[in-house]
1. Rounded to the nearest 500 deg cm²/dmol, what is the calculated helix-only ellipticity per residue at 222 nm for the chain, with -39500 (n - 2.57) per DSSP H run of length n ≥ 4?
2. Taking the 0 to 90 degree range and rounding to the nearest ten, how far is the long axis of helix 188-197 tilted relative to the main principal axis of the chain, both from C-alpha atoms?
3. Determine, from the Cβ-Cβ distance of Arg74 and Asp263 and an R0 of 60 Å, the FRET efficiency 1/(1 + (r/R0)^6), rounded to the nearest 0.05.
4. Just need the relative contact order of region 310-416 here, percent rounded to a whole number, with Cα pairs under 8 Å and 6+ apart.
5. Of Asp263, Asp383, Asp279, how do they rank once you tally other Cβ atoms within 10 Å and put the fewest first?
6. Using only Cα atoms, tell me the angle between helix 451-476 and the longest principal axis of the chain; keep it within 0 to 90° and round to the nearest 10.
7. Among the lysines, select those whose C-alpha is under 17 Å from the C-alpha of Lys26, and discard any that sit fewer than 8 residues away in the same chain.
8. Could you tell me how far the Cα centroid of region 67-105 sits from the Cα centroid of region 314-376, in Å?
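Every number here is computed from the coordinates shown, using simple stated rules; none is lab data. Here the structure is a predicted model, which is why all the values come from computation and not from measurement. As a convention, Cβ positions derive from the backbone with ideal geometry for all residues, glycine included, and neighbour counts pool all protein chains shown.
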Amino acid sequence: MRIIVIGGGITGLSAAHRLVELGSEKRLPIEIALLEGGGRVGGSISTRRLDGFLIEGGPDSFITTKPWALSLCRRIGLDPNLIPTNDKYRRTFVVHQGRLIPIPEGFLMVAPARFLPFLTSPLFSWHGKLRMMLDVMIPRAPRRDDESLASFVTRRLGREALDRVAQPLIGGIYTADPETLSLRATMPRFLEMEEEHGSIIRAMVIEQRKAQSRRSKDSGARYSLFMSFKEGMQTLVDALSARLPEGTIRINRCVRLLSKVNDGSWGILMDDGSLIEADGVIVATSARHAAALSMGFDPYLSADLERIQYASSAVINLAYRREDIPHPIDGFGFVVPIVEKRPIIACSFSSAKFTGRAPEGNELLRCFVGGALQPEVYGWDDDVLIEAMRKEMRDLLGIKAQPLFAFVHRHPQSMPQYPVGHLERVSRINDRVKHHRGLAIAGNAYGGVGIPDCIHGGESAAEAVVNGLGRYSNQRRGLSP
């Protein structure tokens, strides 16, 4: 089999690596080429060292509750390179009226699972607290196929729960508008909690007790909720690249169009006019690029892919001497509700979150801007962005000193939006893809935006293409599938 992977982000790299594994496991001769239009692989993942600082231009960690990233790390021998978050600083702040207020202990995304920290927190008014507690009395709604984050949270817990915590935490993950963000596509567990228990607060209390019971019985090693690598996320990109056969990765190779060849194989038309033929193709690009590639052979598939919208975001890394920061750096960072009317989505205290991110006596902060709610901020020039983040650090952390350095990393049209109805669109896309033997589409636009989701999508695409081509080959030879 000759299989082409289009796109060299973490999804494409995972797909190519899984193809190598499948070739070995099934003893299949698979020829693989990974075509990346840019000058490097890794997509939004990039790490650099500077004067003892470890600077992440994109994601700085991955979540462990979804198993696919951890599983891949184990398979390729990266276990010794993994590091957990710092136990000492495991809390997050919310900006409220210009001050950093800790999220109450036991408050899980949208509702409290512990009552004393919640009731004594200055983050919510007494009216807001009483409204949230009404959740235990409000009857469950009839089962819904989907609902927006804003609709669900205000219906069950009130406006303060949405504005002060749910929007900056959940909406911030997806850089999305909570009024349109699909809960079924992003946080389906909350809908399941209502269906099962009738109350979100009641469900969270029950689940927290079960989790505590499991932890007390579990004597084995446990991973923290988020993990990274000693030398940054680039470690994963480099390890996957090194495990691919020499010559597999081809950078600066832009694909213009996909077409079907008469014998059932695929033609990949390159920007330079050359044509590559393959038995299978995995498209691991943005949905918009996938729409352009598929226009020639399936306009219905192309139309659904084209309708997936994206938002742009930027990461601004700022380094400071610890003595220049009046505010304690005693948490993972803070999130900023849109109602605060600030040009910043969040700030991660990178050097507190993970060890080895800054030399002794220094701190590294990562600011996030843009998204669906503030696209105009992303459009500011780098110098304007840096100055705006300096002002935010001055207002919120009391930092008056110049940063030791500041770097802006932009991610244009990189965050797919998951509006209400997204799952139906993805289902239609998957159904259309099944009509085309040897084709798979994967990426953060379909089943999740996190690194584990992308890895899972890439690996599943590789398995689908190999299994599909294998069944077709057996049928042509008169063998049972």
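1. After summing the helix terms and dividing by the residues of the chain, the value is -10000 deg cm²/dmol.
2. 60 degrees
3. Once rounded, the FRET efficiency stands at 0.90.
4. Details: 200 pairs, mean separation 48.9, N = 107.
RCO, region 310-416: 46 percent.
5. Working: Asp263 7, Asp383 10, Asp279 22.
Fewest-to-most Cβ neighbours within 10 Å comes out as Asp263, Asp383, Asp279.
6. Taking Cα atoms only, the helix is inclined about 20 degrees.
7. Correct list for Lys26: empty, as no lysines qualify.
8. 14 Å
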